[in-house]
1. In the range 59-178, which helices (runs of 4 or more DSSP H) lie fully inside it and hold 2 or more residues that are touching a Pro at 6+ places or on another chain (Cβ under 8 Å), at pLDDT below 95 and within 16 Å of ligand 2 (Cβ to nearest atom)?
2. Among the residues of the range 62-91, how many are free of Cβ contacts under 8 Å to residues at least 40 places away in the same chain and either away from ligand 1 (no atom under 16 Å from the Cβ) or of a type in the set (A, V, I, L, M) (or both)?
3. Does Arg103 satisfy the criteria of being buried (at least 18 other Cβ atoms within 10 Å of the Cβ), basic (Lys, Arg) and at negative phi?
4. Would you be able to say whether some residue in the range 227-249 is on the phi > 0 side of the Ramachandran plot and surrounded by 13 or more Cβ atoms within 10 Å (Cβ to Cβ)?
5. Could you please find all residues in the range 322-331 being closer than 18 Å to Thr212 by Cβ and either surrounded by fewer than 22 Cβ atoms within 10 Å (Cβ to Cβ) or among the aliphatic types (A, V, I, L, M) (or both)?
6. Conditions: (1) free of Cβ contacts under 8 Å to residues at least 60 places away in the same chain; (2) more than 23 Å from Val177 (Cβ to Cβ). Leu58 meets all but one. Number of the miss?
7. Evaluate the following for Arg182: is it surrounded by fewer than 21 Cβ atoms within 10 Å (Cβ to Cβ), outside any helix (DSSP H, G or I) and not β-branched (Val, Ile, Thr)?
8. Among the residues of the range 152-177, write down those that are of a type in the set (D, E, K, R) and in contact (Cβ under 8 Å) with a residue 40 or more places away in the chain.
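The values are calculated or read from the model by the stated rules, or taken from the named source; none is laboratory data. If you're wondering where the values come from, they're calculated on a predicted model, not measured in any experiment. Methodologically, a virtual Cβ is constructed for each residue, glycine included, from the backbone with ideal geometry; neighbour enumeration extends over all protein chains shown.
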Amino acid sequence: MTGARAPAGEFRDAFGRAPEVVARAPGRVEFIGNHTDYNGGTVLGGSIDRSVRVALALRTDGLRRFRSDRSDQFVELRAADGGKVSGGGSWVNYALGVLDSMRDFGVRAPGGFDFLATSDLPIGAGLSSSAAMELASGLAFLGATGQSLPRESLVGLCKQAENRFVGVPCGILDQAVSGFGRKDHLVLIDCRGPRFSTVPLPPGAHFWIFNTHTKHELVDGLYAARHRECMEAARALGVGLLADIGPAELARRMAASPVPHAERARHVVEEIARVDAAVAALKAGDLAATGPLLTASHRSSQSLFGNSTPELDFLVDALSAMPHVFGARLTGGGFGGAVMALTGPGFDAAMAEIPAGAFEKKFGARPDVLHLLTADGAEIVNRPM
Ligand code: ADP
Ligand code: MG
């Protein structure tokens, strides 16, 4: 079984009865496609074998009782309450955001319920536990009320919940990969539609995550700066978004006259081409050709886009020189966070210890190491009535 174990027993311990529905939604890795989303480009992500599970049973008294395996406190609200929760119970805002968006997508939010979240997905490790919480909550709310939504709508609803209610301006990647993921596949997102499809992942592909727990103190401002630089470059190039220009045309334009933020533009435009190349290599079953594209993505982050850090570079340098490693790159927005290595099955925990130990020696703190495989996207696991 993938993901956290079915929480029916824990639900009974917490609420003294059986859940009516259990839903599971996985976290994700950003495989390749760095800062391409808001530039109208493409991105590849993988749904992973770590998930959030939500077990739920309706109540008739309008009370909403929330419980998570990460806290021993119940959060109790009335269905009529509005607004966000602050303090220790603020984790329920992801589920409240989903409830808040249901009407906009033509479905009815349940009134009262008992809600339990359990998870084997690390929080804040760049694996998108927040989107997993939203997708699992959304499916549980729909399942308990006998409703359903097309996947595109569920994904859009959960993204809206995070953007509008929680207030995090994330792109579509997190929710789409959790929603459309498939074991032994990656999810390809054309961010402009958005349009979603899956690409087979050749057998023997393994993911290793090295989470540095570092975060640039100015990360929000740096993210906003990159966004602005990309938009300014697109405007100067006379295109709506950088996805509208190819690498050869950009090179020609840069040779003819100076382009503002030319290095940022080059990173984005070439990254979109690398996503295309990765899709072709994956479709050909060629992990050995895919890996160097990941490492090239990282080098471009490092030298052109300025969203890497010495910690991330250290791990990529160490990993990309190791046997069984096809490629390695920062995963997520950068400015700290985690490095992902794509490896064959021969890479193991003892080998992962080599870069992790060297990192600890140099930077004085251990990265968390996680070994991941792909898994199916969000689903209703059972209705254990
Ligand atoms: P990421 O999505 O990268 O893991 P975020 O900061 O976007 O990091 O989301 C993490 C938040 O999601 C947590 O702070 C918490 O509020 C919520 N969350 C995720 N998993 C759980 C869980 N099992 N129980 C309670 N809250 C959770
Ligand atoms: Mg998140």
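1. Numbers: elements: 93-102, 129-144, 151-160.
Per the criteria, no element qualifies.
2. Total meeting the criteria: 9.
3. Details: buried (at least 18 other Cβ atoms within 10 Å of the Cβ): no; basic (Lys, Arg): yes; at negative phi: yes.
Judged against the criteria, Arg103 is not a match.
4. Filtering the range 227-249 down to residues on the phi > 0 side of the Ramachandran plot leaves 238.
Within this subset, residues satisfying the condition of being surrounded by 13 or more Cβ atoms within 10 Å (Cβ to Cβ) are none.
Taking every residue of the range 227-249 in turn, none turns out to be on the phi > 0 side of the Ramachandran plot and surrounded by 13 or more Cβ atoms within 10 Å (Cβ to Cβ).
5. Scanning the range 322-331 gives Met322, Val325, Ala328, Leu330.
6. Every condition holds for Leu58 apart from (1).
7. Values: surrounded by fewer than 21 Cβ atoms within 10 Å (Cβ to Cβ): yes; outside any helix (DSSP H, G or I): yes; not β-branched (Val, Ile, Thr): yes.
Against the criterion (surrounded by fewer than 21 Cβ atoms within 10 Å (Cβ to Cβ), outside any helix (DSSP H, G or I) and not β-branched (Val, Ile, Thr)), Arg182 qualifies.
8. Taking the range 152-177 and keeping what is of a type in the set (D, E, K, R), we get 152, 159, 162, 164, 174.
Selection gives Glu152, Glu162, Arg164, Asp174.
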